[in-house]
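Structure first, then comments.
What follows draws every value from the coordinates through simple rules; no lab data is involved. All figures in this text were calculated on a predicted structure; none of them were measured in a lab. Every residue, glycine as well, gets a Cβ built from its backbone with ideal geometry; the counts of neighbours run over all protein chains shown.
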Amino acid sequence: MNVNGAGAGSATTQEAQYNLTFNHVLAAGAGNRVVKVGVSGYQASLGANADTTVTYGGVAMTQVTKLQTTNRYVALFVLKEASLPANGVTAVAVTYGTVWAPGNNMQQAASCVCYDTVDQGTTTRNATTGSGSGTAAALTVTTSVDDWAIGAANWDDNAVSAGAGTTVDATGLAAADISSCVAHRPYNAATTTVNLTIDNVTWSMAGCALIPLAGGSAALTGTAAAGITEADIVTGGKTIILTLTGDTFIAA
């Protein structure tokens, strides 16, 4: 089965405050949803552990991966269907840890989006991070067939566009120091790259593979004869249409 976007994304930026809060509209989608939040931060100097925590509708999200440098931070968080609140406007709250100091040229940004038709057991795999500089920000994720490569990114300045094969889900643009977005790219090969085009600046990305909900299966039992009945078919909850020709049948 295929992962899909479920509703619009949302994002925000701010300066010199410990916490960041914004709203996201949770859509019904097709079920088996996962909400993704990308968190970013910039500070003139960061301590050894610049962790953040995120809640969605008051429920703690799970951190998938993060990347921290001397002055830059990006992390990816998810929350599964069973923990999601009622559909509608939902508060996203990001708390920055004690090493963050509003007086130290601190900049913050976060972006949020929801996907549906996602496996609710093992939701993500192959987490990875990357950083660099230039006009192309790219994160390559190991993917299996039908996985989506998903990522969170931050960069200096305030311009971004989607690169090859990539969709930007939500973007928080700041005038200087830090902007952020969340993005995805459907399975392309054994490795799938999320591509962003930015100004010639420094960037950081964190991402992983998002695993689709497994499809149904069907099996046939019984004798291939014109007298075959519905009781002879084991369908696993799926519908099978039979076309009978003499003593043979074709299932589709």
Query raised in the report: Want the number for THR69 to ALA91: 0.36 nm per residue separation, take away the alpha-carbon distance, what's left?
Result: 5.1 nm
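With +1 on each Lys and Arg Cβ and -1 on each Asp and Glu Cβ, and nothing else charged, work out how big the dipole of segment 42-127 is about its Cα centre, in Debye to the nearest 20. Could the numbers behind the result be given before it?
Values: 4 positive and 4 negative charges, 44 e Å.
About 220 debye.
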Report summary line: For the pair SER83 and SER45, the simple spin-label estimate (label points 7 Å beyond Cα toward Cβ) gives in nm 3.5
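Report the extension gain between ASN200 and MET1 in nm, rounded to one decimal, defined as 0.36 nm multiplied by the number of residues separating them, less their alpha carbon distance. Intermediate results must be reported in sequence, preceding the final value.
On the way: separation 199, 0.36 × 199 = 71.64 nm, distance 3.82 nm.
Stretched out fully, the ASN200 to MET1 stretch lengthens by 67.8 nm.
How long is the gain from ALA60 to THR167 if the chain were fully straight, where each residue apart is worth 0.36 nm and the alpha carbon distance is subtracted? Present the calculation step by step, with values, prior to reporting the outcome.
Values: separation 107, 0.36 × 107 = 38.52 nm, distance 2.64 nm.
Extra length from ALA60 to THR167 when fully extended: 35.9 nm.
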Query - Lys, Arg +1 and Asp, Glu -1 on Cβ, resulting dipole of segment 4-210 about Cα centre, debye, nearest 20 - result: 260
Query - For segment 143-154, 3J(HN,Hα) per residue [Karplus equation, 6.51 cos²θ - 1.76 cosθ + 1.60, θ = phi - 60°, Hz, x = Gly/Pro] - result: 10, 9, 3, 6, 4, 10, 7, 10, x, 10, 9, 9
